[in-house]
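A short worksheet on the structure shown next.
The values are calculated or read from the model by the stated rules, or taken from the named source; none is laboratory data. If you're wondering where the values come from, they're calculated on a predicted model, not measured in any experiment. Neighbour counts run over all protein chains shown; Cβ positions are idealised from the backbone, glycine included. Please note that ligands, DNA and RNA were not included when accessible areas were found on the heavy atoms of the full protein model with its side chains. Shrake-Rupley method; radii C 1.70, N 1.55, O 1.52, S 1.80 Å.
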Amino acid sequence: MARLARLADSRLLIPVRLLGLTALAFVAVGIFLLLFGKNPLAAYRAIFAGAFGSTYGLSEVVVRAIPLMLCAAATAIPARIGLLNVGGEGQLHAGAMAATWGALTLGFLPRAALLPGLVALGLLGGAAAALVPAVLRWAAGVNETISTLLLNYVIVLLVEYVVRGPWKDPLSYNWPFTPEFSDSARLGLYWGTRIHAGLWFALVAIALFYFVLRRTRWGYEVRVIGDNPEAAVRAGIPLGRYILLTMCAGGALAGLAGMAEVCAIQSRLRPGISTGFGYTGFLVSWLALHHPLGIVAMAVLLGVLSVGGDQVQISLGLPYATVNIIMALIFFVVLGSRFRAARTA
Amino acid sequence: MLASVLEGGIRAGTPILYATLGEVIAERAGIVNLGVEGAILVGACAGFITTAQTQSPLLGIAAAALAGGAASLVHAFMVVTVRANQIASGLALMFLCLGVTSFVGRPYVAVKINAVAPLAVPGLSDLPVVGRLLFSHDVLVYGAYLLAPLIWLILFYTKWGLALRAVGERQAVAFASGLPTAVVQYAAVVCGGVLAGVAGAHLSLAYARSWVEGMSNGRGFIAVALVIFATWHPLRAVLGAVIFGAVFALQLQIQARGVALSPYFLDMTPYLLTLVGLLLLARAQRHTMPEGLKEVFEGLK
Amino acid sequence: MRRTVLALALIGGVFGLLLAGDTAARAQAKKFIVGFVYVGPKDDYGYNYEHDRGRKAVEAKLGSVEVLTAENIPETAEVERVMEQMIQKGAKLLFPTSYGYLDPAINVGKRHPDVVLMHAGGFKHSANVGTYWGYIYNPMYLAGLAAGKVTKTNTIGFVAAHPIPQTLQNINALTYGARSVNPKIQTRVIYTGEWCNPGKAAEAANALIDLGADVLSQHQDCPRPVVETAAKRNVFSVGYHSADLQKFNPKGWITGAAWNWGPLYVRIVQDVMEGKADRWVNTHARGGLESGYVELAPFGTAVPRAVQQAVLARRKEIVDGKYVVFQGPMKDNKGTVLLKEGAKPSFDFIEKMSWYTEGVVGDVPR
């Protein structure tokens, strides 16, 4: 019996328990829907059919999971030393803006030279956007949650400004977007779907995150800070450097998500390149307990919900908000469950 | 020009002031609640639905307050009882409220309601300049600016206020001296939610007079930032809210006066200003920050 | 542990059932399926409300049509997926009704050559994508004729979302109309930067009234806050999008510019069903009062009889082709002549509008 209890608490079972909690959230939402006279099974069937009923649905789950994975990493990396980066949305837009600048000014370069440059610009843009709150936190003690939230608004507005002002496509009849990128600036799409090379970026980023965290000195020090920041300082670990480092690494990945969105999905910069990917990414990271592998799983789960959410509306006339409720409840249940403090990996 | 900017500031600052005051109470007890963004939405939605059903804006305001309080109860449970991360729980609450209100409020988008009417203060509203500036608003506007000194008095000159601050400063000491710290924190968070709910009521019942999903548009987040800006003081919160409201109004009025500045640039100013305020006042803030919050705001994890 | 296994089994079972149910649902009788995608709620008394009235007309007139709708779909990559999912459900004709849906519509069109997509207001078309738009600035101009006579402060306030050509057409038409009967008219414009942000729209309306405007009009998706603020502060309203807005400011209602998509939608759906889609794709369908795409809303009691008759007389001249809104001479508010005396505005002159006419305060923000 005692062995069973230990097993139930062991790390190996965490995914299983997460799944159980997710199911719990579905039940709760089911009750909510019943209260409003809607059939929850029909709603879940629609979500399921939307995401798994066709290869297109499946491919869209992946398309959606790409920015979510990267934005989740943007939250998870700083979270490993206890920083709460809610700025994924702004960092994504900053990365998109930087990549757009590259695509518009260096569009004449051949693909092999341009694309790596755009990737670098995306990373840099996101990192720059994260550097501001990181420096504010490090130098003046300004709380990073608040500053990243405020910066989200600023950066999104900056995108609105450039696409309607200096970068507006002169041939667009005054419509708010930049000129279309040249072919050399576009990421490849695969298999006739919208799945794009951003998938490899995301997977490599997650794998690197996992590797650095577990196998390098940086990762070790990050884990030490995460466990006990005071002890870390006493042990001579430079806390400030890690604040800057983790925030910028996170921001860079969100920026990469932005780069992938403009270079693969949109092929130009315009308002509305993200439907709250930054915020949903924050959710993904927390659902995954900031664990790299968990992020992949949870990004896919939320991808399923988003893609399925359209079906809920098209087939049943239920508001898309239904899936937002499901997402929020899963978040609550996981947050409230006992292993919230568990630090894995 | 100055008068109309101030007038706009008072008007636009009202929902933010309610939410900020509520957050001051919660944070003085050592709890940060980013879920105010959600509580505002819940208040706006519940207030609108109740008014639509009963034709009574007064009942609507009451319902908004109740709903805001109820929503924040979830946060209180999560952080006080379950001891979940405050920031994450607040954001979770925001997501939940956004979803629930979009769902529940959906049938009411088209409904016309009996809105909260402006109420000129007899005698005073005829005064030159100040009459229009201060005394020709709706009840909820007056309420917000009267509430601020009241909360200040309660926080700093009553036993309750002392207990609340004690819990926020030194929870362990407060607990050891026999204060029911959990109860105090629950009460503070719920009070904060009630005020956020009223903020929502002002938005949907008096200001925009309609319900649209997500209509809080980040006002709750602004409130959380303004609390720090106001160094956890209800009277300085008035200043913060009016300044924020005035900048918001100013950027609209500048346009109407024909200054060709990009509206998107102008829109950034309130957020940038808040950020700069946080930076400049960082030292003062750290000084007055309730001890209990240091863990949330400055601690790692 | 046992509980977990049980829960897993349960989830698996439910998913299985769901899948079975879904395949069953697909084997239904075939109807002609039309999909409508809206950027906001379909009963906002604004842009989306009017498109949805068009959808209702299709359902009422054409019994053999099944309609799919999706609302609150942001102008992002999401909309492409929503359209794809509608096509998967068998839709053969789609109405992506929002401004920002143009590129996604073209993309979806490329992947599904057998589906027809009709975009509202776009400036690009393709082999199976057409656009349609109503010259709603025509009734806006007519409303200006009434507003110019009704205003006491000679100031019109205009709350707009974004400085795009369609919005500038409306601002200019309203101002031009008002100035033609009252040369003292000034129009002040505020951009909120968002298609629907009720709080900001309300504050913008208040700010305009504070600056002396006693007629408020607008161009954004959710018009209620502006009209209700006008009612609250006892000023006049020129409606936009929907004639049904009158009930939110009955006392101060002048008139308004309203969409009338029903007949057009019925015609498009019928044609596509009968295999005559080529009438609509690869082209821009444009029409004004004469085509019935747009309409002048009923007058409110604030407008004197004589003014109403004068406006209706001008309306008839437009319908009969005797008067063209924005015919020369047209000057911008810097005095530059853009269209010479007697010249008629071209398609590009209208669709690329990027200036303010005389009487509008300030410059178009860049």
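Which condition does A:THR193 not pass, out of (1) part of a helix (DSSP H, G or I); (2) among the hydroxyl-bearing types (Ser, Thr, Tyr); (3) touching a residue at least 24 places away in the same chain (Cβ under 8 Å); (4) surrounded by fewer than 20 Cβ atoms within 10 Å (Cβ to Cβ), if it passes all the others?
Looking at each condition in turn, A:THR193 falls short on (1).
Listed residues B:LEU273, B:LEU239, B:LEU252, B:LEU280; which is more than 14 Å from chain C (Cβ to nearest Cβ) and over 19 Å from the mean Cα position of the chain (by Cα)?
The match here is B:LEU280.
Quick one: would you say A:LEU256 is in contact (Cβ under 8 Å) with a residue 12 or more places away in the chain and either more than 12 Å from chain B (Cβ to nearest Cβ) or open to solvent by less than 20 Å² (accessible area, probe 1.4 Å) (or both)?
yes
Take the residues in the range C:346-366 that are farther than 23 Å from B:VAL259 by Cα and open to solvent by 30 Å² or more (accessible area, probe 1.4 Å); name whichever of them is nearest to the other protein chains (Cβ to nearest Cβ).
Going through the qualifying residues, I end up with C:ASP348.
For the range C:135-157, does any single residue satisfy the condition of being under 22 Å from the mean Cα position of the chain (by Cα), within 14 Å of chain B (Cβ to nearest Cβ) and open to solvent by 10 Å² or more (accessible area, probe 1.4 Å)?
There is no residue in the range C:135-157 that is under 22 Å from the mean Cα position of the chain (by Cα), within 14 Å of chain B (Cβ to nearest Cβ) and open to solvent by 10 Å² or more (accessible area, probe 1.4 Å).
Go through the range B:65-90 and give me each residue that's buried (at least 24 other Cβ atoms within 10 Å of the Cβ), within 13 Å of chain A (Cβ to nearest Cβ) and of a type in the set (Ser, Thr, Tyr).
Residue satisfying the conditions is B:SER89 alone.
Of everything in the range B:158-198, what is of a type in the set (Phe, Trp, Tyr) and under 24 Å from the mean Cα position of the chain (by Cα)? Give them in sequence order.
Hits for the range B:158-198 are B:TRP160, B:TYR186.
Taking A:GLY165 and the conditions (1) open to solvent by 10 Å² or more (accessible area, probe 1.4 Å); (2) closer than 20 Å to A:GLY82 by Cβ, which numbered condition does it fall short on, given that it satisfies the others?
The one condition A:GLY165 does not meet is (2).
If you check B:LEU93 against the conditions, is it part of a helix (DSSP H, G or I), at pLDDT 95 or above and open to solvent by less than 10 Å² (accessible area, probe 1.4 Å)?
no
For the condition at pLDDT below 85 and closer than 30 Å to B:ALA225 by Cα, what is the one hit in A:PRO176, A:PRO229, A:PRO170?
A:PRO229
Please enumerate the residues belonging to the range C:231-247 that are in contact (Cβ under 8 Å) with a residue 12 or more places away in the chain, part of a helix (DSSP H, G or I) and open to solvent by 40 Å² or more (accessible area, probe 1.4 Å).
C:ASP244, C:GLN246
Can you tell me which residue is most open to solvent (accessible area, probe 1.4 Å) among those in the range B:178-209 that are closer than 17 Å to B:THR14 by Cβ and not in a helix (DSSP H, G or I)?
B:ARG209
Which residues, taken from the range B:96-128, are at pLDDT 80 or above, part of a loop (DSSP other than H, G, I, E, B) and not hydrophobic (A, V, I, L, M, F, W, C)?
B:LYS112, B:ASN114 - these are the residues of the range B:96-128 that are at pLDDT 80 or above, part of a loop (DSSP other than H, G, I, E, B) and not hydrophobic (A, V, I, L, M, F, W, C).
Take the residues of the range A:62-81 that are farther than 19 Å from A:LEU123 by Cα and either among the hydroxyl-bearing types (Ser, Thr, Tyr) or open to solvent by 10 Å² or more (accessible area, probe 1.4 Å) (or both): which is farthest from the other protein chains (Cβ to nearest Cβ)?
A:VAL62
How do the pairs read when you match residues in the range A:265-288 that are more than 10 Å from every other protein chain (Cβ to nearest Cβ) with residues anywhere that are open to solvent by less than 10 Å² (accessible area, probe 1.4 Å) and part of a loop (DSSP other than H, G, I, E, B), using Cβ under 6 Å and keeping only pairs 6 or more apart or on different chains?
A:LEU269/A:THR178
Consider the range B:129-165. How many of its residues are loosely packed, with under 15 Cβ neighbours inside 10 Å, outside any helix (DSSP H, G or I) and touching a helix residue (DSSP H, G or I) at 6+ places or on another chain (Cβ under 7 Å)?
Residues meeting the conditions: 1.
Tell me which residues, restricted to the range A:82-103, are buried (at least 24 other Cβ atoms within 10 Å of the Cβ), within 10 Å of chain B (Cβ to nearest Cβ) and either farther than 15 Å from A:TYR153 by Cβ or modelled with pLDDT of 95 or more (or both).
Passing the criteria: A:LEU83, A:LEU84.
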